[in-house]
1. Quick one: pull the percentage of alpha-carbon pairs in the chain with a separation above 27 Å.
2. Mind checking the full-extension length gain between F106 and K23? Use 0.36 nm per residue of separation minus the Cα-Cα distance, one decimal, nm.
3. Place a +1 charge on the Cβ of each Lys and Arg in the chain and a -1 charge on the Cβ of each Asp and Glu, then give the dipole magnitude about the Cα centre in debye, rounded to the nearest 20.
4. Could you line up V197, V18 from fewest to most neighbouring Cβ atoms inside 10 Å?
5. Using helices alone, what [θ] at 222 nm do you get for the chain, with -39,500 (n - 2.57) per DSSP H run of 4 or more residues, divided over all residues and rounded to the nearest 500?
6. Need the C-alpha centroid separation for the stretch 37-80 versus the stretch 158-211, integer Å.
7. Need one number: % antiparallel among DSSP beta bridges in the chain, to the nearest 5.
8. In nm, give the distance between the simple-model label positions of D123 and N3, each being 7 Å from the Cα along the Cα-to-Cβ direction.
Amino acid sequence: MKNILIIEDEKDLTELLVFNLEKEGFKMQWSYDGLEGLEAARRDPPDLIVLDLMLPGMMGTDVCKELRKDGRTSQVPVLMLTAKGEEIDRVVGFEVGADDYLVKPFSMRELLLRIRAILRRCDSQPASAAEGGISIGDISIETERHRVLSAGNEVELTSTEYKLLLYLAERPGRVLSRELLLQNVWSYNNVGDTRTVDTHITRLRGKLGKPGDLIKTVRSFGYKIEE
């Protein structure tokens with residue numbers, strides 16, 4: 001049974017989410033305060049966190065930053081909720097390490113689709129994981145340890161960033177559309193914003209530094225990685 005932590009200050013919404021997700025077979029925890037939610041995540045790391053952007057105690061962005069810095073929670077996927085549909089909120093959410101975002105109001109069906117897609121993505125084992133690893137230029141991926149080196153320096157990636165890099169690296173030179181990446185990295189089928197891919201690619205390149213230039217943009221289509 002998967003354990004989900006909801007950090008959301010709207011009590012009516014939280015109760016609705018808890019009720020519906022428990023019906024779907026999830027074990028639920030919840031908090032109405034950002035700082036208390038962070039402590040709950042550290043005390044008993046869940047399989048997924050649904051995190052509101054605007055919270056008392058500590059803002060959702062700051063909670064996400066702290067989650068990513070803590071070894072106990074650094075790989076826990078985060079689905080961020082926001083009452084705003086502005087581009088800046090989406091970008092900021094991804095920059096602090098959120099795996100996906102959902103704009104209020106949303107349907108329970110859409111929330112469930114996102115949650116299940118994230119959990120499938122985290123449960124899936126890359127096909128190359130049994131092999132020693134992959135190297136492209138100055139980027140090395142140690143698949144058994146889920147470790148990435150860029151020019152010899154270890155790079156801390158979120159679970160989504162890691163899977164995105166691995167998916168590209170397993171197909172060097174092949175042009176991959178944004179839709180294909182959404183399907184195979186995010187596990188979305190006809191659901192999801194292709195700008196999600198663009199934002200993650202930008203963040204991934206930034207973390208990799210100069211070797212990140214190996215990830216090429218193919219105008220109006222998608223991305224590829226090659227030396």
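Values quoted throughout were computed directly from the atomic coordinates according to the rules given, and no laboratory measurement underlies them. Everything numeric here is computed off the predicted structure, so don't read it as measured data. All Cβ positions, even for glycine, are placed from backbone atoms using ideal geometry, and neighbour counts span all protein chains on display.
1. Working: 8204 of 25651 pairs.
That fraction is 32 percent.
2. Numbers: separation 83, 0.36 × 83 = 29.88 nm, distance 1.81 nm.
Gain on extension, F106 to K23, equals 28.1 nm.
3. In total the dipole reaches around 680 debye.
4. Numbers: V197 22, V18 17.
By the 10 Å Cβ count, ascending: V18, V197.
5. Working: 8 runs with 91 residues, N = 227.
Computed ellipticity for the chain at 222 nm equals -12500 deg cm²/dmol.
6. 23 Å
7. Values: 16 of 33 bridges.
The antiparallel fraction comes to roughly 50 percent.
8. Roughly 1.7 nm, to one decimal.
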